[in-house]
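Only one structure is covered here, and it is reproduced in the block below.
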Amino acid sequence: MNKVSWPKLPLVLLLALSLHAGAAPVDLQAKLPIWCYTVRPGDTLITIAQRYLIDVGDWPAIQQANQVADSYRLLPGTMLRIPVAMLRRTPAAVTIATSNGPLRWRREGGEWQAAATGQRLLSGSTLETLDDASALLSFADGSKLLLSPNSQIVFNSLGAFAGGLMVDTRLRLQRGQSDVMANPAKRAHQRLQIQTPSAQAIVRGTHFRLGVDDDVTREETLAGLVGVNGAGRGVSVPRGRGTVARAGEAPIAPVPLLPAADLSALPARFEHLPLRFPLPQVNGAKGWLGEVAPDKSFDRLLLSKAARGEALTFSDLPNGDYVLRLRAVDGNGLQGLDAVHHFVVFARPFSPGLNSPGDSATIRSARPIFAWTSVHEVARYRLQVAGEPDFAQPLHDSTSDEDTWVAPDDLPAGKLYWRVASVDGRGQQGPWSVAAGFTYKPGPGPVDLGRSATEFTSETIRLNLPPPPDGLDYEAILSLEPALATVLAQASLSDGTLELPRPDGGTYYLGVRLRDRSDQTPGPVAVQKIDVPYSRLWLLPLLLLVPLAL
């Protein structure tokens, strides 16, 4: 191989991502990286060497390579090419800018320790996000890397050169998912390399996603151009496309990422848990990935979940404002473009469950007892009863310290609705429960015995009444007492004629009431006093009397 004179080399690639899978093609620029320094007023080659070089005595080599005539007279704005190998290197660190859930880290060969927001990690460290955990990492060059749950990354080398004017960051993503915003300020001389088990890539952009699952690497380009190499072959992945690289295989030809879904039909407010988002329709979608963050920056992931089928569900979130980021996943496992949806959770204090009257129940009492489940650490409850499901004009709006309430006056007949909300010790009311609809159907009215006619036969007492209203039956009770406590005979019928066995002559009390045929709800009893004539055959009817309970 011919010897290369480094001063004649073109500028080095400013941003590189290496997904290493053993021996793979590496360009010459990566072997001989060059830093380009712009001369400032007052600079000399010696002062530049004093500030940035490992060995100040190397300044003549810089003079020769850059063909500088006078080392003391440099024209401001002139660009000097300096090999990175000559530059003084200082350790850099990565900072956990934000985090959610349990993280842990360890030094090379050390034991696992808990990690937290604000912590700085040095070269050789490993960081791991556990279940439902995430971390936003900030690097010396301003790059950001969002590490998803159940991911592990190793910081192979973190270094800065020339007083921080050039940063060299080398990482290894062992498993999981990352979202990388590399060098967002587009500063020159920033080098970022990330290794995974199955491919090599060069990135000419600033925003991409990288996922590792066993021996499969998936890359999705969101901005710029990414070159992915594997098994000695490479592909260029432009914005809006992705590729898959499996160990020992060439990357697949870049395919378009699935489009962002229309989320306009998703619910914007949740008052009851769990959270359920119906999944939209996107052609080619085989699955979905949903992520929840407190704001649209997504600097901190609160929840992340894959889903298939009809809905994406999350079990719980505190009251607050949130953003859902949803991506369709294709048959290659590549995640599509982001769609975002803002929503609000207002579920605490939790609303109680409604017990009685139950939904669609029919009640016969004008002043029923309303009952619901108790909620832990709730100071009191607020209850509403209304004639319409929107509760625009409630009939009752009351509070209760218990889990029951009795209407203070008679409810109107017909379809009614009720709901309950919890109120905490600070007076904060939570969401209303799901309303229950019920029907108040008054019991049968009283019988007008003034319209009845009583006849006595040798064996019976016959009571002639008008036909009962539809759905109602008559019930008659014969007793020796006005309160009808002791029942001598009882009979019911659906027309207007009642017959009871005739007792011996004397004074008796006859109670008559209407009873609902559907549920046997009785109406009030109308009682009249009757005098039964004495008969010589009084013994026979008495034998026919059958005591029955009222």
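The values are calculated or read from the model by the stated rules, or taken from the named source; none is laboratory data. Fair warning: this is a prediction, and the values are worked out from it, not measured in the lab. Every residue, glycine among them, receives a Cβ derived from its backbone with ideal geometry; neighbour counts consider all protein chains shown.
What the table below lists for this structure:
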{"read-out": "Residue check, residue 514 under 30 Å from residue 417 (Cβ atoms), surrounded by 13 or more Cβ atoms within 10 Å (Cβ to Cβ) and outside the structural domain of residue 359 (by TED's automatic domain parsing)", "value": "yes"}
{"read-out": "Matching residues in the range 477-503 - criterion: being surrounded by 13 or more Cβ atoms within 10 Å (Cβ to Cβ), charged (D, E, K, R) and at pLDDT below 90", "value": "499"}
{"read-out": "Options 78, 98: the member that is within 50 Å of the chain's Cα centre (by Cα) and assigned by TED's automatic domain parsing to the domain that holds residue 176", "value": "98"}
{"read-out": "Single residue of the range 424-463 satisfying the filter (modelled with pLDDT under 90 and of a type in the set (S, T, N, Q)) that is surrounded by the most Cβ atoms within 10 Å (Cβ to Cβ)", "value": "452"}
{"read-out": "The listed residue being at pLDDT below 95 and under 30 Å from residue 524 (Cα atoms), out of 386, 407", "value": "407"}
{"read-out": "Strands (runs of 3 or more DSSP E) within the range 325-430 that include 3 or more residues touching a Ser or Thr at 6+ places or on another chain (Cβ under 8 Å)", "value": "361-363, 369-372, 380-386, 414-423"}
{"read-out": "Residue match in the range 355-364 (condition: under 23 Å from residue 213 (Cβ atoms), outside the structural domain of residue 216 (by TED's automatic domain parsing) and in contact with a strand residue (DSSP E or B) (Cβ under 9 Å, 6 or more places away or on another chain))", "value": "no"}
{"read-out": "Strands (runs of 3 or more DSSP E) within the range 258-321 that include 2 or more residues small (Gly, Ala, Ser), surrounded by fewer than 13 Cβ atoms within 10 Å (Cβ to Cβ) and modelled with pLDDT of 95 or more", "value": "none"}
{"read-out": "Close pairs from the range 466-489: first on the phi > 0 side of the Ramachandran plot and in contact (Cβ under 8 Å) with a residue 40 or more places away in the chain, partner assigned to a loop (DSSP other than H, G, I, E, B) and aliphatic (A, V, I, L, M), Cβ under 7 Å, at least 6 apart", "value": "484/525; 484/550"}
{"read-out": "Residue satisfying all of: in the range 172-186; surrounded by fewer than 16 Cβ atoms within 10 Å (Cβ to Cβ) and touching a Gly at 6+ places or on another chain (Cβ under 7 Å); farthest from residue 128 (Cα to Cα) among these", "value": "185"}
